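I have a structure here, written as structure tokens, and I will follow up with some questions on it.
What follows draws every value from the coordinates through simple rules; no lab data is involved. All figures in this text were calculated on a predicted structure; none of them were measured in a lab. Cβ: placed from backbone, ideal geometry, glycine included. Neighbour counts: every protein chain shown.
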Amino acid sequence: MPELPEVETFKRYLDSTSLHQRIAGVEVRDAYVLKGVSARELARRLKGARFESSRRHGKHLFVRTDGDLWLRLHFGMTGSLQYLKRDEQPPKTARVIFRFANKCRLAFDDQRKFGEIGLSRNVDEFLRNRGIGPDALDISLSQFKTILGKHRSSVKAILLNQKLIAGIGNLYADEILFRARMHPATEAARMSDKDLQRLFRATRHVLERAIALKTDFNRLPKSWLLMRRGKRGRCPRCGRALKSATIGGRTSWFCAHCQKRI
Ligand SMILES: [Zn+2]
């Protein structure tokens, strides 16, 4: 599932391929993806416009047009972007294709159909209406402490809660907790100032490193947990078998030896 680092990677990809070109048309191949806008209206609003800039917040990507309208993209479980040169065929699971005047296209691909595309006049208002919290890479240490200090649930549940901190999903939450050597079921309220600081640093480190590596899992450091999640997975630090448990409604993988409950 695309989390903050993946969506940031899509943002950079879109910025480097699809800005400042006139949109010649929009082809909606599967309308489930459209939220609050019809295929006809989407095409009407975007035709003749240009994508001028983009902004990511949590797992949402917003693309501003020169008509002062924002295209909103959410990648659900399997969404991604693909820029196609003139003769390149879009993937079979491309749901919406933005066609540019230079004959290149930007495809919104989404195999499992949980993605969303919409239009918005005001991004901040959209985020407020949805109750989406501050972006995980935008918050300061003191904000982070306040958010975690206020809640009694497990630290994993807090990291996953988009209304508190936006952008972290199941995989990176486990990685962050592994790096901070914290058991995912640790109650946030029991954490000391030092624990919170360690968790904050781990959050930034994991997200920034994943972005720097363009979220290519094959290039992730060997010391990371992410590639070892699963039944036969072993802790990259101590070599013991990883354990799993449902915490915060999701399956967490962790090393019970290295990650102690506080
Ligand atoms: Zn271990």
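Taking R0 as 30 Å, what's the FRET efficiency between residue 35 and residue 138 from their Cβ-Cβ distance, rounded to 0.05?
Taking R0 as 30 Å, the efficiency between residue 35 and residue 138 is 0.80.
Let me check the size of the range 57-100 from its C-alpha atoms; what are the radius of gyration and Dmax in Å?
Just the Cα atoms of the range 57-100 yield Rg and Dmax of 12.3, 34 Å.
Rounded to the nearest 10 degrees, what's the angle between the helix 170-179 long axis and the longest principal axis of the chain, both from Cα atoms, 0 to 90?
Orientation of helix 170-179: about 40 degrees from the principal axis.
If you take every residue apart from residue 15 with its C-beta less than 11 Å away from the C-beta of residue 15, what net charge results, scoring Lys and Arg +1 and Asp and Glu -1?
+2
Now a separate question. Taking amide H atoms as placed 1.01 Å from N in the peptide plane, list the residues 5 or more away in sequence, or in a different chain, whose amide H sits under 5 Å from that of residue 166.
HN-HN under 5 Å from residue 166: 133, 135, 136.
Among DSSP bridges having both ends in the range 31-148, what percentage is antiparallel? Round to the nearest 5.
That works out to approximately 95 percent antiparallel.
Short version: ³J(HN,Hα) in whole Hz for each residue of the range 52-60, in order, from phi by Karplus 6.51 cos²θ - 1.76 cosθ + 1.60 (θ = phi - 60°), x for Gly and Pro, what are they?
Residue by residue, the range 52-60 yields 9, 7, 9, 8, 9, 9, x, 9, 9 Hz.
Can you list, bin by bin at 5 Å, the percent of alpha carbon pairs in the range 1-120, starting at 0?
2, 12, 24, 28, 23, 9, 1
I would also like to ask the following. So what's the net charge close to residue 261: Lys and Arg +1, Asp and Glu -1, counting the other residues with Cβ under 14 Å from its Cβ?
Neighbourhood net charge equals +3.
Going from the alpha-carbon gyration tensor of the range 199-241, what semi-axes, largest first and in whole Å, does one get by taking the root of 5 times each eigenvalue?
Each semi-axis is √(5λ); the values are 20, 13, 8 Å.
Let me have the 222 nm mean residue ellipticity of the chain computed from DSSP H runs of 4+ only, each contributing -39500 (n - 2.57), with the sum over all residues rounded to the nearest 500. Spell out each step's value before the answer.
Details: 7 runs with 75 residues, N = 262.
That calculation yields -8500 deg cm²/dmol at 222 nm.
What are the ³J(HN,Hα) couplings of the range 39-44, residue after residue, when phi is run through the Karplus curve with 6.51, -1.76, 1.60 and θ = phi - 60°? Round to Hz, x for glycine and proline.
My calculation for the range 39-44 gives 4, 5, 5, 4, 5, 5 Hz in order.
Can you compute the modelled spin-label distance between residue 89 and residue 21, with each label point 7 Å from Cα toward Cβ, in nm?
Computed distance between label sites residue 89 and residue 21 equals 2.0 nm.
May I have the pair-distance distribution P(r) for the range 92-139, computed from all Cα-Cα distances with 5 Å bins from 0 and rounded to whole percent?
It works out to 5, 15, 16, 15, 18, 19, 9, 4, 0, in whole percents.
Whole-Hz Karplus ³J(HN,Hα) for the range 205-220, in order, using 6.51 cos²θ - 1.76 cosθ + 1.60 and θ = phi - 60°, x for Gly and Pro?
Using θ = phi - 60°, the values come out as 4, 5, 5, 5, 5, 4, 5, 4, 8, 6, 6, 7, 4, 5, 9, 5 Hz.
So, one more: Quick check: the distance between the Cα centres of the range 203-262 and the range 116-194, to the nearest angstrom?
A separation of 18 Å, based on Cα centres.
At a Förster radius of 22 Å, what calculated FRET efficiency corresponds to the Cβ-Cβ distance of residue 209 and residue 256, to the nearest 0.05?
Efficiency at R0 = 22 Å is approximately 0.35.
If each residue of separation counts as 0.36 nm, what is the full-extension length gain between residue 101 and residue 13 once their alpha-carbon separation is subtracted?
Net length gain for the segment: 29.8 nm.
On C-alpha positions alone, give me the angle between the axis of helix 4-17 and the longest principal axis of the chain, in degrees, nearest 10.
Value to nearest ten degrees: 30.
Write down the percent of antiparallel bridges among all DSSP beta bridges whose residues are both part of the chain, to the nearest 5. Before the final figure, lay out each step's value.
Numbers: 40 of 43 bridges.
In the chain, approximately 95 percent of DSSP beta bridges are antiparallel ones.
Over the range 10-75, one equal point on each Cα, no solvent: what is log10 I(q)/I(0) by the Debye formula at q = 0.12, 0.23 Å⁻¹?
Values, matching the q order: -0.29, -1.11.
Which number comes out as Rg/Rh for the chain once both Rg and the Kirkwood Rh are worked out on C-alpha atoms?
1.02
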